[in-house]
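S.K.: After the structure tokens below, expect a handful of questions from me.
The values are calculated or read from the model by the stated rules, or taken from the named source; none is laboratory data. Because the structure is a prediction, the values reported are computed rather than measured. Counting neighbours? That spans all protein chains shown, and the Cβs are built from the backbone with ideal geometry, glycine included.
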């Protein structure tokens, strides 16, 4: 399992692990005759041996941006604490919300726009792209037969049921209901984006959208309705 940040990976890990504790990355008794490796954010397709089956969860890139901004703004709390790096501190001292940063990407003030672009390159999760995990569409095409499931945060409950069937997971493997265990964001942070910020961010993450479209063309996945609707708001 490849863990793209802010796509529900921790919830899936918790579900696969079930009541197990101890070793966190290799679950050999979650499904009969199956060895499941759930990786950190730093493992990509390049690190997975050819022939090993791959599971990955995706999310609309702009929605992932909002979640990533808010997660790093609170330094990973409440589940974890990961202190700001210097570039993140500068970003959050200047931009108080995901909308502020998104709007600043098209600012006519060159200092403001430069600060926004720098922030996008420093904030954890915000700075990453699908290519960090998957390399290129061509690499995915070459490894197409290795993909067992491409799931989506937007349809995670149903996709996890598909995964349960594919792996013959035990009945006690269920997605966590507790927000802290699932690492869900608190409801106190701003999540809405203005039309301008949404357009700017859709342009910023255009490579991710193109990567996703390539995976759709390969027959590896389909766009959830929520993703189609969100794209339509910015003419995608």
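S.K.: Restricting to the stretch 88-99, name every residue that is surrounded by 15 or more Cβ atoms within 10 Å (Cβ to Cβ) and without any contact (Cβ under 8 Å) to a residue 40 or more places away in the chain.
M.R.: Those that are surrounded by 15 or more Cβ atoms within 10 Å (Cβ to Cβ) and without any contact (Cβ under 8 Å) to a residue 40 or more places away in the chain: 88, 90, 91, 92, 94, 95.
S.K.: I'm trying to understand the selection: among the residues of the stretch 36-74, which are surrounded by fewer than 19 Cβ atoms within 10 Å (Cβ to Cβ), farther than 17 Å from residue 179 by Cβ and more than 17 Å from the chain's Cα centre (by Cα)?
M.R.: 37, 46, 47, 48, 49, 50, 51, 52, 53
S.K.: Another question, if that's okay. Within the stretch 96-106, does at least one residue satisfy the condition of being more than 26 Å from residue 229 (Cβ to Cβ) and over 17 Å from the mean Cα position of the chain (by Cα)?
M.R.: The answer is yes, given that some residue of the stretch 96-106 is more than 26 Å from residue 229 (Cβ to Cβ) and over 17 Å from the mean Cα position of the chain (by Cα).
S.K.: Now for a different question. Filter the stretch 121-155 down to the residues that are part of a loop (DSSP other than H, G, I, E, B) and within 20 Å of the chain's Cα centre (by Cα) and list them by number.
M.R.: Those that are part of a loop (DSSP other than H, G, I, E, B) and within 20 Å of the chain's Cα centre (by Cα): 123, 124, 125, 126, 127, 128, 129, 130, 135, 136.
S.K.: Out of all the residues in the stretch 186-212, which are surrounded by fewer than 17 Cβ atoms within 10 Å (Cβ to Cβ) and closer than 22 Å to residue 120 by Cβ?
M.R.: Of everything in the stretch 186-212, those that are surrounded by fewer than 17 Cβ atoms within 10 Å (Cβ to Cβ) and closer than 22 Å to residue 120 by Cβ turn out to be 189, 190, 191, 192, 194, 195, 196, 203, 206, 207, 210.
S.K.: Follow-up question, since we're still on this one. Is it the case that the stretch 170-188 has a residue that's touching a helix residue (DSSP H, G or I) at 6+ places or on another chain (Cβ under 7 Å), modelled with pLDDT of 95 or more and part of a loop (DSSP other than H, G, I, E, B)?
M.R.: Checked the stretch 170-188: no residue is touching a helix residue (DSSP H, G or I) at 6+ places or on another chain (Cβ under 7 Å), modelled with pLDDT of 95 or more and part of a loop (DSSP other than H, G, I, E, B).
S.K.: In addition: Do we find that residue 201 is touching a residue at least 60 places away in the same chain (Cβ under 8 Å) and under 16 Å from the mean Cα position of the chain (by Cα) in this structure?
M.R.: It is true that residue 201 is touching a residue at least 60 places away in the same chain (Cβ under 8 Å) and under 16 Å from the mean Cα position of the chain (by Cα).
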